[in-house]
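Trainee: Below are the structure tokens for one structure; questions will follow.
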């Protein structure tokens, strides 16, 4: 239950940060570090549960709600797919340190964009996302990858703190 | 069956979520949008925090600026800056009026003020995604802000309201590739659509090859889209390129407003589209 609350709070904070201070604090122009994606990858790697699946979907849904140009369900689809991909590959990937989460997040970012582009092409056929999208994906993926170790480390600390609290005192 | 679901519960639930997402996306293919009962609740939940964070960020920024400059100089700076903004708006109005007079449009009473009923709003949040450029306003339907209304600042066009709840409104910024504003060039009176682009920044689309555009020429709203009043500054032409093929020329623009730095905006009601002269 405590763990569940931790991820609810983390998800809430991530969305709040992405929609407010990050754009002001980081001089990155239109780029917003995709903390929600990092959280989604963390859930996929460390929490293979139905709750984590729903959490990933909810993260994507929140991004859709707070992105006016986005179609409802677009990011929810991408995040669900990222979770699934990370979950399926988690048996082969051994993320032994927070630092090694960076490449996983980097590739997850590409999966997310591939999913977004796929839905765009199939359902929406929006023009103007051709060559420029590649540059955006690369920067987006690198930003998320750079921030991933720090966020993984924070989440792991929070998790171990909660687990220590749960252990009986001998 | 039940044991299969239990065994593969993560996979099954993931597939269900993927299918649910596609179910949510599907209406967009027809240009429709599905009713979203959860979105407004999420926005309402996060709104106080966004307002609080914005106040803290804004306050911190102000303290920092005040620290850097002497109080008197800072006040003088603010006064001069707002004066520049007023003069810029005035200059744009005069240029537009001059162009209009030259074309003997005697009956036109060019509006120097925004239409009655304009609503002042503050930006309290940004888009959560790099892929969409939007902002969240602190005013909604209960304040008279509705879907389809134009959003402007003193410097020019900012975007368009694409959805509104009772207390908030989402604005698709002019820099977003999905946006579109009907514009006229101030001197040559060429028409086109200004939209965002991921590749180069904002561009003006659908400008005929025969039009003679100049770099530095100003773009103003045409008023024909029924969203923005006529004559609001949108930006200036930064690059014109006529390729060896195609019906249209390629035009890059510099926007008058930097939407990423905007804090206060006016939400305006458009006027019915007028016949093109």
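Computed from the coordinates by the stated procedures, all read-outs in this text should not be read as laboratory data. What you see is a predicted model; the values in this text were computed from it and never measured. Ideal geometry is used to build each Cβ from the backbone, glycine not excepted, and the neighbour counts take in all protein chains shown.
Trainee: How far apart, in nanometres, would the label points at residue A:89 and residue A:163 be if each is projected 7 angstrom from Cα along the Cα-to-Cβ direction?
Mentor: Taking the two extended label points, one gets 2.4 nm.
Trainee: Pop a pseudo-label 7 angstrom from the Cα along the beta-carbon direction at both residue A:138 and residue B:187 and give the gap in nm to one decimal.
Mentor: 3.7
Trainee: Could you state the angle between the C-alpha long axis of helix B:9-29 and the longest principal axis of the C-alpha atoms of chain B, as a value from 0 to 90 degrees rounded to the nearest 10?
Mentor: 30
Trainee: Next up: What's the exposure ranking of B:155, B:204, going from fewest to most Cβ atoms within 10 Å?
Mentor: Arranged by neighbour count, lowest to highest, B:155, B:204 become B:155, B:204.
Trainee: Any idea what angle helix A:2-19 forms with the longest principal axis of chain A, computed on alpha-carbon atoms, 0 to 90 degrees, nearest 10?
Mentor: Between the helix axis and the principal axis of chain A, the angle is about 30 degrees.
Trainee: Here is a follow-up. How would B:15, B:245 line up from fewest to most surrounding beta-carbon atoms within 10 angstrom?
Mentor: Going from least to most buried by this count: B:245, B:15.
Trainee: Now a separate question. Using Cβ counts within 10 Å as a stand-in for footprinting exposure, how do B:225, B:78 rank, fewest first?
Mentor: B:78, B:225
Trainee: Quick one: if the Förster radius is 51 Å, what FRET efficiency do residue B:9 and residue B:248 give, using the C-beta to C-beta distance and rounding to 0.05?
Mentor: Efficiency at R0 = 51 Å is approximately 0.40.
Trainee: Helix B:71-102 versus the longest principal axis of chain B: what is the Cα-based angle in degrees, 0 to 90, to the nearest 10?
Mentor: 70
Trainee: Which whole number gives the average count of other chain Cβ atoms within 10 Å of the Cβ atoms across peptide B:156-167?
Mentor: Taking the mean over all residues of the peptide, I get 1.
Trainee: How big is the gap, in Å, between the Cα center of segment A:38-108 and the Cα center of segment B:146-176?
Mentor: Each part's Cα centre sits 31 Å from the other's.
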